[in-house]
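Here's the structure, in C-alpha cells; my notes come after.
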Amino acid sequence: SYIGYCPELDLSSCGKDVDEARANLKTAVRLFLEETDKLGTLDQVLQEAGYTPDGKGGYLSPKMVATETSSIAVEA
C-alpha cells in the first residue's frame, strides 16, 4: 500500500500503487473542499491551514519548507 498525504489540510488516502494513492488523495481533497464550501466554512478552513487570499477570489498555498520520511522497526 501507498499513502498520499496533504499536510496543509491534514488529509490522507491510500492506494495499491503511487498513481492510485495520488488519485485517491486528489478525490479526498476535492470532496473535503466541496463539503466545507457547502457548510460555509471553506474560507475559515483554508486560512487556518495557512492559505492566504490572492485578492482575485482564490488562495495562495503555504510554502513547504521541507519533507522527510523515516522508517521504524517494530519487533513481532
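Can you name the residue in region 55-76 that is within 21 Å of V45 (Cβ to Cβ) and assigned to a loop (DSSP other than H, G, I, E, B) and, of all such residues, is modelled with the lowest pLDDT?
M64
How many residues are within 14 Å of the chain's Cα centre (by Cα) and polar (S, T, N, Q) when one looks only at region 28-46?
1
Taking the condition of being open to solvent by 100 Å² or more (accessible area, probe 1.4 Å), β-branched (V, I, T) and farther than 17 Å from Y5 by Cβ, how many residues in region 41-76 meet it?
1
How many residues, within region 48-76, are in contact with a strand residue (DSSP E or B) (Cβ under 8 Å, 6 or more places away or on another chain) and more than 23 Å from S13 (Cβ to Cβ)?
Residues flagged as in contact with a strand residue (DSSP E or B) (Cβ under 8 Å, 6 or more places away or on another chain) and more than 23 Å from S13 (Cβ to Cβ) within region 48-76 amount to 4.
Which residues, counting only those in region 1-40, are out of contact with any strand residue (DSSP E or B) (no Cβ under 6 Å at 6 or more places or on another chain), surrounded by fewer than 16 Cβ atoms within 10 Å (Cβ to Cβ) and among the hydroxyl-bearing types (S, T, Y)?
Across region 1-40, the qualifying residue is only T27.
The values are calculated or read from the model by the stated rules, or taken from the named source; none is laboratory data. Since the model is a prediction, treat every value here as computed from it, not as a measurement. Here the Cβ is made from the backbone with ideal geometry for all residues, glycine too, and neighbour counts use every protein chain on show. Note: accessible area is taken over every heavy atom of the protein model, side chains too, but ligands, DNA and RNA are not part of it. Shrake-Rupley method; radii C 1.70, N 1.55, O 1.52, S 1.80 Å.
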